[in-house]
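Bear in mind these aren't lab numbers, they're just calculated from the coordinates by the rules spelled out. Bear in mind the structure is a predicted one, so any value in this text is a computation, not a measurement. Ideal geometry is used to build each Cβ from the backbone, glycine not excepted, and the neighbour counts take in all protein chains shown.
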Amino acid sequence: MTVLKPRFLDAGEAALVVEFGRTVDAATNETVLALDTALAQAGVPGIRELVPTYRSLMIHYDPLILTRAGLVTAVQRVLDGGVSHQAAPRHWALPCCYDLPHGEDLAEAAGLLHLSPEQVVSAHLTGRYRVYMYGFAPGYAYLGGLPEALAISRRPTPRPPHPAGGVLIGGGLCGVATFPMPTGWYVLGRTPERLYAHARAEAFLIRPGDVLRFERVDGTTFAALDDRAAAGETIARREDA
């Protein structure tokens, strides 16, 4: 793996951001995830938490144990030794219902994109979406790979809360929300899968670097799958296993 030259940026007195590049792309994100994995395995005393994002890794550390200079040296040593993200991406098929009431903003988004609602759904189903990171809320997945035809700006003002499981587009990205919340994105549909479930052994179902696609289901199928997911069953399908 070609490692980009990092920038080291302070985030308060107890966090350091290691930033790679200026663009959001899979190669840059892979470098971030590789460093995340390598530092986790290195067991550097004083590192408290690692938070990967699109193109940077935030490292929370204890300044009473580890100095900033010492942390930079540790990071640079890991990078100089070569890093690779060992975990192969997992591929998932995620059910999604685009019918009302789940596709609340489908017609509105279609009008803004100068497409029919069916064309929007068809385009959305062709996407292969990379999980770049979690953010905003537990398990909220930010997905790259949105087809160009669906590139739409976010709303100028947030819309009212949508239910958990909303499948959203906005700002050239796709997202899957895990809690009801207001949003500036457009709700195309809803998945019955719980990407975050605190009672589950693995609370976060998918992880950064994974790839997913959406499978269309109708309202009746959604209701049945929702009941199964509520009972604790994982209904998203692994396609690489």
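Per-structure values
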quantity: Rounded to the nearest 20 debye, dipole of region 6-80 from Cβ charges on Lys, Arg, Asp, Glu; calculated: 120
quantity: Net charge dipole size for region 176-216 [Lys, Arg +1 and Asp, Glu -1 on Cβ; Debye, nearest 20]; calculated: 80
quantity: Neighbour-count order for E215, E104, fewest beta carbons within 10 angstrom listed first; calculated: E215, E104
quantity: Region 4-58 - percent relative contact order, Cα under 8 Å, separation 6 or more; calculated: 37
quantity: Mean Cβ neighbour count within 10 Å, used as a protection proxy, ranking 204-211, 143-150, 223-230, 186-193 highest first; calculated: 186-193, 204-211, 143-150, 223-230
quantity: Student exercise, the chain dipole from Lys, Arg, Asp, Glu Cβ charges, in Debye to nearest 20; calculated: 420
quantity: Between region 1-79 and region 111-174, the alpha-carbon center distance in angstrom; calculated: 29
quantity: Bins of 5 Å from zero: percent of alpha-carbon pairs in the chain; calculated: 1, 6, 13, 16, 16, 15, 12, 9, 7, 3, 1, 0
quantity: Listed residue (L112, A203, M181) projecting farthest to the positive dipole end of region 83-241, Cβ model; calculated: A203
quantity: The chain - mean residue ellipticity at 222 nm from DSSP helices (-39,500 (n - 2.57) per run, n ≥ 4, rounded to 500); calculated: -7500 deg cm²/dmol
quantity: Under the span-like rule (Cα at least 20 Å along the axis, Kyte-Doolittle mean at least -1.0), DSSP H helices of the chain; calculated: 26-42
